[in-house]
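Q: Structure below; questions to follow.
The values are calculated or read from the model by the stated rules, or taken from the named source; none is laboratory data. None of the values given here were measured: they were computed from a predicted structure. For neighbour counting, all protein chains shown are included, and Cβ atoms are generated from backbone atoms with ideal geometry for every residue, glycine included. Note: accessible area is taken over every heavy atom of the protein model, side chains too, but ligands, DNA and RNA are not part of it. Shrake-Rupley method; radii C 1.70, N 1.55, O 1.52, S 1.80 Å.
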Amino acid sequence: MIELSLAQVAEIVGGRLADISSEEAAATRITGTVEFDSRAVTAGGLFLALPGARSDGHDFAAAAFAAGAAAVLAARPVGVPAVIAPPAEGPAGAGVLEFDTDGAGAAVLAALARLAAAVAADLVDGGLRIVGITGSSGKTSTKDLVAAVLAPLGEVVAPPGSFNNELGHPWTVLRADRSTDFLVLEMSARHPGNIAALAEIAPPSIAVVLNVGTAHLGEFGSREAIAATKSELPQAVPPSGVAILNADDSAVAAMADTTAARVVRVSREPGADVWADAVTLDRLARPRFTLHAGGGEVAVSLAVHGDHQVSNALCAAAVALECGATLDQVAAALAGAGPVSPHRMQVTTRDDGVTVVNDAYNANPDSMRAGLKALAWMARSGEAPRRSWAVLGEMAELGDDSISEHDSIGRLAVRLDVSRLVVVGTGRSASAMHQGAVMEGSWGVEATRVDDADAALTLLNDELQRGDVVLVKASNSAGLGALADTLAAGRDGIAAR
């Protein structure tokens, strides 16, 4: 973050000082990072006191101050120098802090947003370029690719993992300082207006929209409502900016009519501004293709896995080209851009020859289909066919479509000739996925449902053979990340992690 005095922070967020005088606040400098985890506090940092499911950040304010924090941003006095946030107006914090019963978290989040907006505006005036990315799936993978292709052009700040909501978004903005050239942000939504609010904090000059799927369908009610919310991002870009749209998704392509910005279309078909052809996959499903843009072309070999990564890479290439990169620079950067964020198509081959595809961070019908297709390719693309295992948990937030979507995934696993399907979970959706596979023609032990990750691990440890390929995928709430980590490491028990 740019250096500010505590008095300036209080003025920006509209808060009052506690346990520090005005004179001391003017002299106290915030020189470190802004953190919501007291264990991550650095000297001169600002600690955010937020309520959580098991504890309240206000209770850790003194420890954060003792660890070197210059002050605390809180909803009430905490006994150490602090800025007390005013009560939040409106739904700030909705969907992020489910345990915020007294509005303390909403107040701190609203103040954090105001602080991030002020810092972003200052940095944009100094030349910072902000890239915003949204889509129903692929945001984090694309964010990592964009950061990689921009790195040769200047200093890049991007969020670790999926920091893409009302907390992670402003927290990431505040990682930027006067040396930052590019700020890459991914933006998620659970309700209409969420993306517009995030874009207001850090207005993008480049917007990327990947796709419109069925993630969070239970909360939005329809794909049309999801599309309308995703379109809030290109609508936020000024006429001087650029909206990069995936023209292979008709709902995204239609967003060209909603933005005042110049539109750059990417596609896997000729005719777009940035497009790919001659797509092939190697034995680990890493794509290779020819990238076309501006009348030129270049061969690209990706280090990430899955055919779906081609569209993500095209969007990243379009961003880099808009920022001054050459085609050769783009190709070189993409070739070195392997998986960065954990539990997202991480491929590990153990000493015993078992290949584990860890894609356990999140799941929706579109990403499930992409993961299964990558698994099927890896199993059949070598010199000899390999047995494939799909270890799948439930997909969350699908609403009334949950049963039919899980049934469809179970059937797809059979159609792709996945050797073994292991469905993890006891709910109706898990049962529907298992039943879908059975009804599609799976028989005997080809499709199995187990209660939990421990049972799945026991089954896998008993029956995996050398050379098998295993995909582990589910929504994060299913908790299969630890299973995937344990399996990749070849350990016997999840508790050993």
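Q: For segment 249-265: of the residues being touching a helix residue (DSSP H, G or I) at 6+ places or on another chain (Cβ under 8 Å) and of a type in the set (Ser, Thr, Tyr), which is surrounded by the most Cβ atoms within 10 Å (Cβ to Cβ)?
A: Applying the filter and picking the extreme gives 259.
Q: Among the residues of segment 306-344, write down those that are open to solvent by less than 10 Å² (accessible area, probe 1.4 Å) and farther than 30 Å from residue 240 by Cα.
A: 306, 341 - these are the residues of segment 306-344 that are open to solvent by less than 10 Å² (accessible area, probe 1.4 Å) and farther than 30 Å from residue 240 by Cα.
Q: Considering each residue of segment 181-196, count those that are part of a helix (DSSP H, G or I) and modelled with pLDDT under 95, and give that number.
A: Of the residues in segment 181-196, 1 are part of a helix (DSSP H, G or I) and modelled with pLDDT under 95.
Q: Mind checking which residues of segment 6-19 are open to solvent by less than 70 Å² (accessible area, probe 1.4 Å), more than 21 Å from residue 180 (Cβ to Cβ) and either outside the structural domain of residue 43 (by the TED database) or not in a loop (DSSP other than H, G, I, E, B) (or both)?
A: Within segment 6-19, 6, 7, 10, 13, 17, 18 meet the criteria.
Q: Out of 449, 415, 420, 491, which single residue is modelled with pLDDT of 95 or more, more than 26 Å from the chain's Cα centre (by Cα) and more than 19 Å from residue 378 (Cα to Cα)?
A: Answer to the check: 449.
Q: Limited to segment 138-167, what total is found for residues that are part of a helix (DSSP H, G or I), closer than 17 Å to residue 233 by Cα and at pLDDT below 95?
A: Of the residues in that region, 2 qualify.
Q: Take the residues in segment 175-196 that are acidic (Asp, Glu) and over 16 Å from residue 31 (Cα atoms); name whichever of them is surrounded by the most Cβ atoms within 10 Å (Cβ to Cβ).
A: 186
Q: Follow-up question, since we're still on this one. Kindly indicate whether any position in segment 20-43 is open to solvent by 10 Å² or more (accessible area, probe 1.4 Å) and on the phi > 0 side of the Ramachandran plot.
A: Within segment 20-43 (the criterion being open to solvent by 10 Å² or more (accessible area, probe 1.4 Å) and on the phi > 0 side of the Ramachandran plot), the answer is no, since none of the residues qualifies.
Q: In this structure, is residue 114 of a type in the set (Lys, Arg) and in a loop (DSSP other than H, G, I, E, B)?
A: no
Q: Do we have any residue at all in segment 465-480 that's at pLDDT 95 or above, of a type in the set (Ser, Thr, Tyr) and either over 29 Å from residue 213 (Cβ atoms) or crowded, with 21+ Cβ neighbours inside 10 Å (or both)?
A: no
Q: Another one. Go through segment 207-248 and give me each residue that's assigned to a strand (DSSP E or B) and either touching a Pro at 6+ places or on another chain (Cβ under 8 Å) or open to solvent by 10 Å² or more (accessible area, probe 1.4 Å) (or both).
A: Result: 207, 209, 243, 245, 246.
Q: A further question on this structure: Being part of a loop (DSSP other than H, G, I, E, B) and either over 25 Å from residue 102 (Cα atoms) or of a type in the set (Phe, Trp, Tyr) (or both) is the filter here; which residues of segment 33-68 pass it?
A: If the condition is that a residue be part of a loop (DSSP other than H, G, I, E, B) and either over 25 Å from residue 102 (Cα atoms) or of a type in the set (Phe, Trp, Tyr) (or both), then 33, 36, 41, 42, 43, 44, 45, 67, 68 are the ones that fit.
Q: Tell me the residue from 438, 445, 356, 422 that is in a loop (DSSP other than H, G, I, E, B) and over 30 Å from residue 226 (Cα atoms), please.
A: 445
Q: Quick one: in segment 387-406, which of the residues that are among the charged types (D, E, K, R) and open to solvent by 40 Å² or more (accessible area, probe 1.4 Å) is farthest from residue 374 (Cα to Cα)?
A: 400
Q: Would it be correct to say that residue 370 is outside the structural domain of residue 302 (by the TED database), over 30 Å from residue 150 (Cβ atoms), within 24 Å of the chain's Cα centre (by Cα) and open to solvent by less than 30 Å² (accessible area, probe 1.4 Å)?
A: No: the conditions fail for residue 370.
Q: Another question about this same structure. Given the conditions (1) of a type in the set (S, T, N, Q); (2) at pLDDT below 95; (3) open to solvent by less than 30 Å² (accessible area, probe 1.4 Å), which single one is not true for residue 172?
A: The failed condition is (2).
Q: So residue 277 clears everything in (1) crowded, with 17+ Cβ neighbours inside 10 Å; (2) more than 22 Å from residue 129 (Cβ to Cβ); (3) in contact with a His (Cβ under 8 Å, 6 or more places away or on another chain) except one condition, right? Which one?
A: Here residue 277 meets the rest and fails (1).
Q: Then there's this: Would you call residue 268 modelled with pLDDT of 95 or more, outside the structural domain of residue 355 (by the TED database) and open to solvent by 60 Å² or more (accessible area, probe 1.4 Å)?
A: For residue 268, the condition - modelled with pLDDT of 95 or more, outside the structural domain of residue 355 (by the TED database) and open to solvent by 60 Å² or more (accessible area, probe 1.4 Å) - is met.
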